[in-house]
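Visitor: This is the structure, below, for whatever I ask next.
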């Protein structure tokens, strides 16, 4: 049996098929969780993702197609992650979580550069981090990011520009420190 | 690299080449562990929600159609509603001023009271309410002059 496409899964879910819902979520889960975890840290991301799925299925009867459902999921998850971030200011938490996850998988790469890149992403404000995550992780265009997060395209471009500027400054300062030491 | 540090494009390329590590998507923490009971209930309730939504949409369409038919029948039977009348208060106020100004129109001394040379014809032609107001003031002045002490 071949792989069922998203549209077929969407139609099956509309008929109340739990297995189809499970397959669809399984298909989206790691990317979506990775995106949320970049904003909040993995522990909080798990809760946000679970809540978002619940809201997604409660609203599923209102969606026109699978892309509509996916956009809703990202927008809801993003809003919840930003809300939580504002409440808890989980900057430090996200930092430590990602760093811990990285240590196991960085073998064979330039670990210093990778570490600096990770720190450069981590120091970004949550909203810029979300935009960068969608651009890099999902290969979305600015327009697609705008649609998924429910913000204007101009804002997306501005955030990408700001994020790259911050990262550039951070990496430059790291290079200077290394040169001095 | 001509300058110290990275360009934006280089940073983007570096991020893309290390995206699996930086934006991990296959770590064990990220694996899907299945639905809770609430999720299952929400999925199973989707067909009922769709039926309810369709029923609401159909009911809304019927209500809208009924409203259009009712309005059409009303127009056919009663006719097109008349345009809204002018607001009452300014019309009454205007009538009062006109009635008061009649005294001057009936008076023999009208020509004596108003010197046409002193009248600004443009104001008179284009600002009738102002003339009426002036007449009212003159009436009050005349009443004052007519008092016994004079």
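Let's see how each residue does on (1) crowded, with 17+ Cβ neighbours inside 10 Å; (2) at pLDDT 90 or above; (3) more than 9 Å from every other protein chain (Cβ to nearest Cβ):
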| residue | (1), (2), (3) |
| --- | --- |
| A:83 | no, no, yes |
| A:90 | yes, no, yes |
| A:94 | yes, no, yes |
| A:100 | no, no, yes |
| A:107 | no, no, yes |
| A:155 | no, yes, yes |
| A:172 | no, no, no |
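Visitor: Going through region A:5-42 one residue at a time, which ones are touching a helix residue (DSSP H, G or I) at 6+ places or on another chain (Cβ under 7 Å), part of a loop (DSSP other than H, G, I, E, B) and either farther than 30 Å from residue A:126 by Cβ or modelled with pLDDT of 90 or more (or both)?
Guide: A:15, A:16
Visitor: Looking at B:94, B:31 in this structure, which one is within 9 Å of chain A (Cβ to nearest Cβ) and either in contact with a helix residue (DSSP H, G or I) (Cβ under 9 Å, 6 or more places away or on another chain) or at pLDDT 75 or above (or both)?
Guide: B:31
Visitor: Is it the case, given these coordinates, that residue A:54 is within 14 Å of chain B (Cβ to nearest Cβ), at pLDDT 85 or above and buried (at least 19 other Cβ atoms within 10 Å of the Cβ)?
Guide: No; evaluated as a whole, the condition is false for this residue.
Visitor: It is to be established whether one or more residues within region B:49-63 are surrounded by 14 or more Cβ atoms within 10 Å (Cβ to Cβ), at pLDDT 90 or above and at negative phi.
Guide: Yes: one or more hits.
Visitor: Output yes when any residue across region B:11-19 is within 14 Å of another protein chain (Cβ to nearest Cβ), assigned to a helix (DSSP H, G or I), within 30 Å of residue A:55 (Cα to Cα) and at pLDDT 60 or above, and no when none is.
Guide: Yes; the residues of region B:11-19 include at least one that is within 14 Å of another protein chain (Cβ to nearest Cβ), assigned to a helix (DSSP H, G or I), within 30 Å of residue A:55 (Cα to Cα) and at pLDDT 60 or above.
Visitor: Follow-up question, since we're still on this one. Yes or no: residue A:42 more than 8 Å from every other protein chain (Cβ to nearest Cβ), within 12 Å of the chain's Cα centre (by Cα) and buried (at least 17 other Cβ atoms within 10 Å of the Cβ)?
Guide: Against the criterion (more than 8 Å from every other protein chain (Cβ to nearest Cβ), within 12 Å of the chain's Cα centre (by Cα) and buried (at least 17 other Cβ atoms within 10 Å of the Cβ)), residue A:42 does not qualify.
Visitor: Moving to a separate point now. Confirm whether residue B:77 is modelled with pLDDT of 85 or more, within 14 Å of chain A (Cβ to nearest Cβ) and part of a helix (DSSP H, G or I).
Guide: It is false that residue B:77 is modelled with pLDDT of 85 or more, within 14 Å of chain A (Cβ to nearest Cβ) and part of a helix (DSSP H, G or I).
Visitor: Still on this model: Looking at residue A:68, is it assigned to a helix (DSSP H, G or I), modelled with pLDDT of 90 or more, farther than 20 Å from residue B:30 by Cα and at the interface with another protein chain (Cβ under 10 Å from one of its Cβ atoms)?
Guide: In short, no.
Visitor: Answer yes or no as to whether residue A:13 is farther than 17 Å from residue B:33 by Cβ and more than 18 Å from the chain's Cα centre (by Cα).
Guide: The answer is yes for residue A:13.
The values are calculated or read from the model by the stated rules, or taken from the named source; none is laboratory data. Everything quoted here is computed from the prediction, not taken from an experiment. All Cβ positions, even for glycine, are placed from backbone atoms using ideal geometry, and neighbour counts span all protein chains on display.
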